[in-house]
Amino acid sequence: MVELYFDGAVRPSNDDAAVGIFCKNSAGQVIERTFRITAENNHEAEFQAFLKAVELAEELAAQGESVFSFRTDSEAVSLAVEREFAKNKGSKFILIRRFERFSRLPLAFVKWIPRSENKADRVAKEALNDF
(Lines give C-alpha, C1' and ligand atoms only; values in the text may rest on other atoms or scores of the structure.)
Protein backbone atom coordinates (compact mmCIF):
# COMPACT_ATOMS: atom_id res chain seq x y z
CA MET A 1 0.00 0.00 0.00
CA VAL A 2 1.21 3.49 -0.86
CA GLU A 3 0.78 6.14 1.83
CA LEU A 4 0.43 9.65 0.36
CA TYR A 5 0.49 12.49 2.87
CA PHE A 6 -0.17 15.92 1.39
CA ASP A 7 -0.35 19.47 2.72
CA GLY A 8 -0.47 23.05 1.54
CA ALA A 9 1.09 26.09 3.18
CA VAL A 10 0.54 29.81 2.58
CA ARG A 11 2.34 32.86 3.88
CA PRO A 12 -0.32 35.61 3.58
CA SER A 13 2.11 38.45 4.20
CA ASN A 14 3.72 38.03 0.77
CA ASP A 15 1.47 35.54 -1.05
CA ASP A 16 4.04 32.74 -1.04
CA ALA A 17 2.42 29.31 -1.24
CA ALA A 18 3.73 25.77 -1.49
CA VAL A 19 2.65 22.16 -1.51
CA GLY A 20 4.45 19.32 0.19
CA ILE A 21 4.00 15.61 -0.41
CA PHE A 22 5.45 12.80 1.70
CA CYS A 23 4.96 9.39 0.13
CA LYS A 24 5.98 5.91 1.24
CA ASN A 25 5.57 3.31 -1.49
CA SER A 26 4.82 -0.37 -0.93
CA ALA A 27 8.54 -1.18 -0.80
CA GLY A 28 9.03 1.35 2.00
CA GLN A 29 10.87 3.90 -0.12
CA VAL A 30 10.17 7.54 0.75
CA ILE A 31 9.44 10.14 -1.91
CA GLU A 32 9.18 13.81 -0.99
CA ARG A 33 8.03 16.43 -3.47
CA THR A 34 7.49 20.15 -3.19
CA PHE A 35 5.81 22.61 -5.51
CA ARG A 36 5.48 26.36 -5.54
CA ILE A 37 1.84 27.26 -6.19
CA THR A 38 -0.47 30.24 -6.40
CA ALA A 39 -3.09 30.21 -3.66
CA GLU A 40 -5.01 32.96 -1.93
CA ASN A 41 -5.43 31.00 1.31
CA ASN A 42 -4.51 27.78 3.06
CA HIS A 43 -7.83 26.16 2.10
CA GLU A 44 -7.05 26.58 -1.59
CA ALA A 45 -3.49 25.35 -1.05
CA GLU A 46 -4.82 22.16 0.57
CA PHE A 47 -6.95 21.40 -2.50
CA GLN A 48 -3.98 22.00 -4.80
CA ALA A 49 -1.92 19.65 -2.63
CA PHE A 50 -4.52 16.95 -3.28
CA LEU A 51 -4.13 17.53 -7.02
CA LYS A 52 -0.37 17.03 -6.84
CA ALA A 53 -0.84 13.89 -4.73
CA VAL A 54 -3.20 12.43 -7.37
CA GLU A 55 -0.60 13.13 -10.05
CA LEU A 56 2.06 11.27 -8.03
CA ALA A 57 -0.35 8.36 -7.46
CA GLU A 58 -0.92 8.13 -11.22
CA GLU A 59 2.85 7.90 -11.76
CA LEU A 60 3.12 5.16 -9.15
CA ALA A 61 0.13 3.28 -10.58
CA ALA A 62 1.90 3.25 -13.95
CA GLN A 63 4.84 1.61 -12.12
CA GLY A 64 2.59 -1.15 -10.74
CA GLU A 65 1.32 0.23 -7.42
CA SER A 66 -2.34 -0.59 -6.84
CA VAL A 67 -3.50 0.58 -3.38
CA PHE A 68 -3.32 4.24 -2.33
CA SER A 69 -4.06 5.74 1.06
CA PHE A 70 -4.23 9.53 0.76
CA ARG A 71 -3.84 11.28 4.12
CA THR A 72 -4.71 14.90 4.88
CA ASP A 73 -5.22 17.13 7.88
CA SER A 74 -7.80 19.13 5.92
CA GLU A 75 -11.29 18.01 6.81
CA ALA A 76 -12.65 20.06 3.90
CA VAL A 77 -10.52 18.17 1.38
CA SER A 78 -11.29 14.80 2.95
CA LEU A 79 -15.04 15.41 2.88
CA ALA A 80 -14.98 16.91 -0.62
CA VAL A 81 -13.20 13.87 -2.03
CA GLU A 82 -15.42 11.44 -0.13
CA ARG A 83 -18.58 13.18 -1.38
CA GLU A 84 -17.16 14.31 -4.73
CA PHE A 85 -18.51 17.76 -3.92
CA ALA A 86 -17.08 21.13 -2.88
CA LYS A 87 -19.09 24.24 -2.00
CA ASN A 88 -16.39 26.75 -2.92
CA LYS A 89 -16.51 27.54 -6.66
CA GLY A 90 -12.72 27.68 -6.97
CA SER A 91 -12.28 24.38 -5.18
CA LYS A 92 -15.06 22.81 -7.20
CA PHE A 93 -13.31 23.73 -10.47
CA ILE A 94 -10.02 22.28 -9.23
CA LEU A 95 -11.59 19.07 -7.94
CA ILE A 96 -13.89 18.18 -10.82
CA ARG A 97 -10.85 17.39 -12.97
CA ARG A 98 -9.27 15.28 -10.24
CA PHE A 99 -12.30 13.37 -8.99
CA GLU A 100 -12.36 11.59 -12.32
CA ARG A 101 -8.62 10.84 -12.23
CA PHE A 102 -8.77 9.82 -8.54
CA SER A 103 -11.62 7.40 -9.28
CA ARG A 104 -9.54 5.74 -12.03
CA LEU A 105 -6.82 4.70 -9.58
CA PRO A 106 -6.97 0.94 -8.91
CA LEU A 107 -7.92 1.33 -5.22
CA ALA A 108 -7.73 4.68 -3.46
CA PHE A 109 -9.20 6.31 -0.40
CA VAL A 110 -8.73 9.52 1.57
CA LYS A 111 -8.34 9.56 5.32
CA TRP A 112 -8.43 12.60 7.59
CA ILE A 113 -5.61 12.67 10.13
CA PRO A 114 -4.61 15.21 12.81
CA ARG A 115 -1.99 17.77 11.73
CA SER A 116 0.49 16.23 14.19
CA GLU A 117 0.38 12.99 12.16
CA ASN A 118 0.65 14.62 8.74
CA LYS A 119 4.20 13.94 7.57
CA ALA A 120 3.70 16.37 4.67
CA ASP A 121 3.22 19.30 7.06
CA ARG A 122 6.98 19.54 7.57
CA VAL A 123 7.64 19.15 3.83
CA ALA A 124 5.19 21.94 2.91
CA LYS A 125 6.61 24.32 5.53
CA GLU A 126 10.18 23.64 4.41
CA ALA A 127 9.14 24.25 0.81
CA LEU A 128 7.52 27.54 1.76
CA ASN A 129 10.75 28.66 3.42
CA ASP A 130 12.92 27.48 0.51
CA PHE A 131 11.02 29.29 -2.24
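The values are calculated or read from the model by the stated rules, or taken from the named source; none is laboratory data. Quick caveat, the model's predicted, so the values are computed rather than measured. Note: ideal-geometry Cβ built from the backbone for every residue, glycine included; neighbour counts use all protein chains shown. The accessibility values were calculated without ligands, DNA or RNA, using every heavy atom of the protein model including side chains. Shrake-Rupley method; radii C 1.70, N 1.55, O 1.52, S 1.80 Å.
Amide H contacts of residue 67: 2, each under 5 Å away and 5 or more positions distant or on a separate chain (H built 1.01 Å from N in the peptide plane; Pro and chain starts excluded).
Here the accessible area of region 43-87 is 43 percent carbon and sulfur, with a 1.4 angstrom probe and all protein chains present. On a per residue basis, the convex hull of the C-alpha atoms belonging to region 7-81 measures out at 86 Å³. Compactness ratio for the chain: Cα radius of gyration over 2.2 N^0.38 Å (N = residue count) comes to 0.97.
Full extension of the chain between residue 32 and residue 126 yields a length gain of 32.7 nm, computed as 0.36 nm times the residue separation minus the alpha carbon distance. Bridging of residue 119 to aspartates and glutamates at a Cα separation below 17 Å is possible for 3, 7, 32, 46, 73, 75, once same-chain residues fewer than 8 apart are set aside. Working from label points 7 Å from Cα in the Cα-to-Cβ sense, the residue 41 to residue 69 distance is 3.1 nm. Estimated at 0.36 nm per residue, the fully extended path between residue 112 and residue 83 surpasses their Cα-Cα distance by 9.1 nm. GNM on the chain, alpha-carbon springs under 10 angstrom: the most fluctuating residue among 26, 69, 116 is 116.
Solvent-accessible surface of region 12-63, averaged per residue with a 1.4 angstrom probe and all protein chains in place: 49 square angstrom. Couplings for region 31-48, taken from phi via the Karplus curve 6.51 cos²θ - 1.76 cosθ + 1.60 with θ = phi - 60°, read 10, 10, 9, 10, 9, 7, 10, 10, 8, 7, 7, 5, 4, 5, 4, 5, 5, 5 Hz in order; Gly and Pro are left as x. Per residue, the average separation of C-alpha pairs within less than 8 Å and at least 6 apart gives the chain a relative contact order of 35 percent.
Here the Karplus curve 6.51 cos²θ - 1.76 cosθ + 1.60, taken at θ = phi - 60°, turns the phi angles of region 103-108 into couplings of 5, 7, 5, x, 8, 9 Hz, with x standing for Gly and Pro. Scanning the chain for trypsin sites (Lys or Arg not before Pro) that sit in a DSSP loop and have at most 13 other Cβ atoms within 10 Å, the longest stretch containing none of them is 1-86. Sites listed here are GluC sites (Glu not before Pro) in region 1-60 whose DSSP assignment is loop and whose Cβ has at most 14 other Cβ atoms within 10 Å: 40.
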